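What follows is a short report on a single structure.
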C-alpha cells in the first residue's frame, strides 16, 4: 500500500524539511505541493536542496488540489489550518505542523494568539506518557512546537516520577530556521551571525502555555514555567537547558533511574552516558533527541538538557513519526537517528 | 605622565585584546611583551590584527623582563600569577587577568582549582556596591571572570535592593574565545560552527563560586547559584540569562526602579529602554554592558539578562577600567561604549 | 575648528559604520542624521551598538535638514545622490558613499545601472597613482565600491609597474553586510550560514566597470576583467583573490619590489611579510588593508590577494580617509589600523 | 549477498562521514573500525552523531583486525596506506580515501608529498571520460581529493569538448572539515568564524598536480593550473570558481551544449537551469554536485562553478559511489542527492 501525501506550504522551512524526509520514506508517494505566494514556481528555485523534486510546480492551496490524498500535511501560518482542514474528509489524516490545535485551554489560545480557538487535536509527541495511544488510528494530529518538544522531553520524566517541584526554569537556544523564511531585518545573516539575543522574555513566547500544558500533565498538577528563548547563530538546532528544584529525598540515583525508565524503549531519545552532554550538531538533520540530566546537590536542583533539530524532531520529523503511528506503520519508517556532523 | 605597561601572556586572546585597547589608551606606553612558548616570535605572526605592534618580539616571562614598568598585566594560566607577582615591588600595579586572586574563600579555591590558595586581591568590578572604593589607589587587582562579570551585573541590583529570593538560576551563552587559544579538538571550527552545547553542568564550572561570592555580598546573605554555561558558534560575546524568585510585594515597577538606580551613573552599563533586549553583537569589541530586566508575574520571577564582550568588559576592558581607577585616571580612558556591528 | 557633518542614510550598514567612526574622530561634530523610511525613530532602536547616539532621532532627508553642515555624507540607494547633492552649495564637502559618481564612462553607467549618468566626482581611493592629489581641496568625493577597493589595491601595483598582461581574473568573497540591510530571503541567516554562493557571474556585477576603470588607468591601457563575487557566511570582510599572466621577464623579485614600492608610504596598506597571507579577521573593524603577492612560476601568473573590511576601508573608512585629505586634516585622523579579532 | 566493510581511521571526519553513509547502505555490514590513537574508545564519544554505532569500540589498525572483510576503506594520513594495503589480499576491495595512489607521475608525488611514490590505482571519479570503465571490477580504488573532485567536474566538459585554452584559473572556498580533525590553532572556531583566508597560494597546494592530471587528460594536452584554495567559516562544502579563456569560435550555446552532453546521464551531477548558480548549502550532506557554466563574452572566458560537500561527494560519498561500481552494485546505492538545508 502506498500512502499519498500532500503538503500545503511546501516553500517554507517546515515544508521543505518534511519533503526531505518524505523523499526517503518507502511508503509515501508525494502528491500535491502548494504554496500560495509561490504558486506556479518550480520547487527547484525555492528548495534547491531537494534535487529529486526540482521540476515539481507549486499549486494554490485549494480543496480541489488537496483532494485525493491519504495524508495532508499543513505547514501554514497559524490561524489558517482550521479552514483548510474542514474541507478534508474525516478519513483523511490531517497533520497540522502549525499551532492551531495544540492547546487544550481556549483561554490560553486566545491570550497568546489573539484569535478564536479552533479546537484541540491529538498531540504528536509519542514519548509523553500516553502519547502513543492518543495517536494510534487518529485522523487528526497537532504537531508540537519545537521548543515544547525539546523542553517536554527534557523535563517530563522528572515530573512524571514526582521528583521536581512545580516550577521549572527554562532557557533555550534556537537556530534561526525556527523563525521562518519570511525576510525580516533582525533575521538577516548580518544581524544573527556573531550575536546571541533573547526574545519573548518574561512569559510572552507563544510556546509557554504549551510547555505548561505538557509538564502539568506529566506532574498531575499545575507547573509554573519561566521560559526564555534565545536566538543563536546557526541555521538549525535547539538546546534546552531546564531545571527545577528537587523534592525532598531526591538523589542523583533516583533522578538517573527515572530518566532511564522513561526512555528505555524510545527509538529516538538517547539518554547520554553519564558525563557526556548534548550538542545540537550531533542531531543535525536527524530525528534523534539527546538528553542528559544531573542533580546539583549544592543547590538542590535537577538540571535536564536536551538537544534536537528544530526542523526534524522539532517539526517535520515529529510529524512523520506521529503519522507513522496513526497509520499503523513502524514508527521509525523514513526517520533517522544519524546526525549530519560536523 | 606616561604609564609604562608590560603584558605577560601577550600571545593569547586576553593578552591580544588588552594590547588592542592599550594601543588607543592615551596615557600608556606599551613596554615588555612576554609569552613563554612563543618567546622570540614577532607579534605580527601571532596577533596579525595588531598592525602597529607587528614587529614587536615576545620575550620570556622573567623578573628582569618585567622590571621597570608601572603596571604589569598578567594573562597567564591559573596558578602562575602568584610567583610572578611576588617578584614585582609593592609600588608596581599588578593586574591579574587570571583567576588566582578572585576568591575570598580558600576552601572554595582549593575545591574548584585543586591547588593552594594564593590570596585575595581587590576585585576589579567597579559597578558592584563599594567596588570603586576597593580599587582606588590599589596596587593589586584581580580581574573578574567573564561569566561572573556578566552575571553579577545582571543580578546584583535585585539582590542589593532585597527584591530576590536567595536562589539564582543562570544559563549563559559564550563565544568560543572564552575557552582560549590552545588547540583542542572540541574547539575546532568544524565542531563549534552549527552547534550549541553545555559544559561544566551541575555546579562544576570554576566561575560558580565567584558568582556566589558576588551575589551573596550584594544580598548580605548566602545566595545559592545554579549556573550552566553553554558554548555557542561565535568568537566573542556572553549573553547571561538570569532569574530568581521575587520576594513578596515585588512589582515590575520596584524592579525597574532598582535597576535604574543601580546603573544611573555607570559609564559602561546601559540599562536598555523597556521592551528592548540585549544582543551580544551590540557590544562586540566594546566595554559596554547591555542589561534588561523584567518581572514575570505569571511565575513570580525576576528575569535579568546582560550582554557583554567576554574579551573586552569580560576581561581586558574590565582590567583597563580598574587600572584607570587604581591610578586615578578617568575611568573611561581608552575604553569605548561603541560596538562593532554588524 | 570643528567640522560639522551630516549623514543622509544613517539607518543602514554604511551609515552606521560611518557614525561609528565619526564618533571617534576628534575634529567632527555629528549633526543631522536622516533616514527616510525610519524618520522619527531613535537611533538606539536601529543601530543599538552606537550607544552614545542612542537618543538621537532620525529626520527626513530634506535640504533644510542637511543645511548648515560642512560635510554631508550620502549613504543612499544609487540614483538618489545627485538630487540631494544639487541642493548643497559648492562650499559644502559632499561625500557620496553610493555608486552615482564613480564611473567616468556614461555608457558604462547606463549599461550597468539602467539610468542616466549623473556625472563623475574625484575618486576616493588615495592609494592609487595620483589618488591623493585628486582629492586635496575637493568638495565632491565619490567613495569607491567595496570590491573595487579591495581589487584595485591588490592589482594596481602590478599594472602600474607594467608587470601584468591586460587580463585579470578575480574571485572575491564578501561578508553579507555588503548586500545591505534590506530584508531579502536569500540574505536570511538561515540561508547564508553554512553556504557559499556566487552571484553576478560572467561580468554582470556592477562593480566590474569600476574595476576595469581603475586597473586600466594604472596600466595606461585597457585591462579586461573577469570578476566573480561570492557571498560567504560572515557579516563583514572581503578577500579578493586576483591574478594575471606575468609579462615576459617578470620574476618573483620584480613583483615583490613593485609592491614594496607602491605601498612604502601608505598608512593603511600592509604588504605582509613573505609567507604570510591576508585574513579578513585581521582587518575586522579597521581601515587597514592586508596585501600579499606571489609569482607562480609554474603557470607564469602573478597572484595578488587583499583583505579589507567592506564596511570600513571598503566604505565608511575610505570615505573618512578621503574627507580628511579633502579638508587638509591628517589622513589617518579617526581611523584605526587595529582589527578586532578574534 | 552482504558486503562486509572495515574502516581504518574511523575517528576522523572522513571516516565518520563514511560510516554515516554506510549505515544507510542496504548491502553493507559494518565490520571492524580502527583508529590508532583512539583505539579502545567507544565511537559514541568520538562521533556522537552516529547513534547506531555509539557502543562500537575502536581497534588498532592491524592486519588481523582488518582481515575477513570484503571491502577495506582507508582513511589514514598520507603515506600510511600502502603498508596497510599490502597486507590485504588482491581479492579484497581496498578503497584509499587518502592521497597515496592518486597521482600517475611519481615525480609530482615526490615533489608535493616528499616521500617515495607508492603507485597509482584506478581513480574514483566515475564522471570523468572513461571513469566508470576504469573502476568496474577493480579491487583497488584511489578516491580523489575534495578540491580535484569539485574542480574537475566543473571544468572537464570544457576541455573534453575542446572549448578552452590550456590555462585554468581556479579559486576555491572550502569549509573547515577539509582541514581535518587534528587540533591546530589556526583551525579553532575563534580563528575561522568571521574570517576568510587563502593558503597554499602560488601552486603549493598538494591538490594542484591532481587537478592538472585530470584536466590534462580531458584536454588531451597539458593544462596549466593556477589554483588558490581559501578557508571559509562553515564546517562543510566547497565552491570552486573556475575559468579559462575560450578558444576562438566558442559561444554561450556551444558551452552550454558541451555541459549538457557531459552530464546528461549523470545521477549525481546537476547542471543547474540557466540563471541559477550553485550554493554549498544545497548539497550539504548529499552526494550531489551542482554545476553552472557561463560564457563571459566581454572577456572571452568560460566561467564554470561547482558546489559539493567536501566530505560526501568530495570524500566518503565518492568512495562509496566508486565501491558500488567496482562491486557491480547500482552506483547510487546508499547515496542521496538530497541536501540538508537550511
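Region B:211-247 and region C:125-163 have their alpha-carbon centroids 51 Å apart. When both region D:24-57 and region D:265-309 are represented by their alpha-carbon centers, they are found 34 Å apart.
Each of residue C:115 and residue B:216 was given a label point 7 Å from its Cα along the Cα-to-Cβ line. The distance between the two points is 6.6 nm. Per residue, the average separation of C-alpha pairs within less than 8 Å and at least 6 apart gives region A:147-309 a relative contact order of 31 percent.
Divided by 2.2 N^0.38 Å, where N counts the residues, the Cα radius of gyration of the protein assembly as shown comes to 0.90. Label sites at residue C:199 and residue B:298, each approximated as a point 7 angstrom past Cα along Cα to Cβ, lie 3.9 nm apart.
Going from the fewest other Cβ atoms within 10 Å to the most, the residues D:57, C:65, B:223 appear in the order D:57, C:65, B:223.
Please rank C:230, A:254, D:228, fewest neighbouring Cβ atoms within 10 Å first, as an exposure proxy. Mind dumping the intermediate values first?
Details: C:230 25, A:254 17, D:228 28.
Fewest-to-most Cβ neighbours within 10 Å comes out as A:254, C:230, D:228.
Springs join every pair of Cα atoms under 10 Å in this Gaussian network model of chain C, and among C:83, C:158, C:118 the largest mean-square fluctuation is at C:83.
Shielding value for C:295-304 is 6, the average number of Cβ atoms from other chains within 10 Å of each residue's Cβ.
If you rank C:128, A:74, C:93 by fewest surrounding Cβ atoms within 10 Å, what's the result? Going from least to most buried by this count: C:128, C:93, A:74. A Förster distance of 22 Å, applied to the separation of the beta-carbon atoms of residue A:333 and residue D:55, puts the FRET efficiency at 0.40.
Helix C:146-160 axis versus longest C-alpha principal axis of chain C: approximately 40°, rounded to the nearest ten.
Provide the convex hull volume over Cα atoms per residue for region D:147-309, in Å³. Walk me through the numbers on the way to the answer.
Working: hull volume 19.1 nm³, N = 163.
Expressed per residue, the convex hull around the Cα atoms of region D:147-309 is 117 Å³.
Please label the shape of chain B as rounded, prolate or oblate, based on the square roots a ≥ b ≥ c of the eigenvalues of the alpha-carbon gyration tensor (a/c under 1.5 means rounded; beyond that, a/b larger than b/c means prolate, else oblate). Prolate. Can you bin region A:212-291 into rounded, prolate or oblate? Criterion: square roots of the alpha carbon gyration tensor eigenvalues sorted a ≥ b ≥ c, rounded for a/c under 1.5, prolate for a/b above b/c, oblate for the rest. Oblate.
In percent, rounded to a whole number, the relative contact order of chain D is 17, using alpha-carbon pairs under 8 Å and six or more apart. The long axis of helix C:13-22 is offset from the longest Cα principal axis of chain C by roughly 80 degrees.
How large is the helix-only mean residue ellipticity at 222 nm for chain A, computed as the sum of -39500 (n - 2.57) over DSSP H runs with n ≥ 4, divided by its residue count, in deg cm²/dmol to the nearest 500? Present the calculation step by step, with values, prior to reporting the outcome.
Working: 11 runs with 91 residues, N = 342.
Result for chain A: -7000 deg cm²/dmol, rounded to the nearest 500.
Across A:279, A:319, A:45, mean-square fluctuation computed from a Gaussian network of chain A (C-alpha pairs under 10 Å connected) peaks at A:45.
So for region C:147-309: antiparallel DSSP bridges make up what percent, rounded to the nearest 5? Numbers along the way, then the final one.
Values: 25 of 36 bridges.
Given both bridge residues lie in region C:147-309, the antiparallel proportion sits at roughly 70 percent.
Can you give the angle from 0 to 90° between the axis of helix D:208-219 and the longest principal axis of chain D, with both taken from C-alpha atoms, to the nearest 10? Its long axis makes an angle of about 60 degrees.
Computed from the coordinates by the stated procedures, all read-outs in this text should not be read as laboratory data. Because the structure is a prediction, the values reported are computed rather than measured. No Cβ is skipped: glycine too gets one built from the backbone with ideal geometry, and neighbour counts run over all protein chains shown.
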